[in-house]
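Notes follow once the structure below has been shown.
The values are calculated or read from the model by the stated rules, or taken from the named source; none is laboratory data. Just so we're clear, the structure is a prediction, and the values are computed from it rather than from any experiment. Cβ placement follows ideal geometry from the backbone for every residue including glycine, while neighbour counts extend to all protein chains displayed. Surface areas here come from the heavy atoms of the whole protein model, side chains and all, with no ligands, DNA or RNA. Shrake-Rupley method; radii C 1.70, N 1.55, O 1.52, S 1.80 Å.
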Amino acid sequence: MTLLEALEWIANLFEEAVEKIKPETTRDEIDAWDSLGVLTLIAALDEKFNIVMTEKEIEELKKVNDILDILRRNGKLE
């Protein structure tokens, strides 16, 4: 998956415009990235990429780049 594809996937997941989603975009800037959004993200990472996150990793998600880092560490992002 390329960076652009990953950003598009994140935008779709949170129902945001792709232009709004950048690596530096913070959780506070994404309305749907609330507690339910976190559950949606966890489920989507598991379903699409077979990535299971630890509680610590979940708590550390503050920016889009944190999601990208998880994809990178699991070999899903080029």
Got a sec? What order do 33, 9 fall in by accessible area at 1.4 Å, biggest, i.e. largest, first?
9, 33
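Using the 2.2 N^0.38 Å rule of thumb for compact globular proteins, work out how the chain stacks up: its C-alpha Rg over that value, please.
Numbers: Rg = 11.2 Å, N = 78, 2.2 N^0.38 = 11.5 Å.
Ratio of Cα Rg to 2.2 N^0.38 Å: 0.97.
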Explain nothing, just the number: dipole magnitude of the chain about its Cα centre with +1 on each Lys and Arg Cβ and -1 on each Asp and Glu Cβ, in debye rounded to the nearest 20.
260
Among the complete DSSP H segments of the chain, which ones combine at least 20 Å of alpha-carbon extent along their axis with a mean Kyte-Doolittle hydropathy of -1.0 or more?
35-49
Evaluate the relative contact order of the chain (contact order divided by residue number), counting alpha-carbon pairs under 8 angstrom at least 6 apart; express in whole percent.
39
Which one of 2, 44, 64 has its Cα pushed farthest toward the positive end of the charge dipole of the chain, where Lys and Arg give +1 and Asp and Glu give -1 at the Cβ?
2
Cross-link reach list, lysines versus residue 22, counting only Cα pairs under 19 Å and skipping chain neighbours closer than eight places:
62, 63, 76
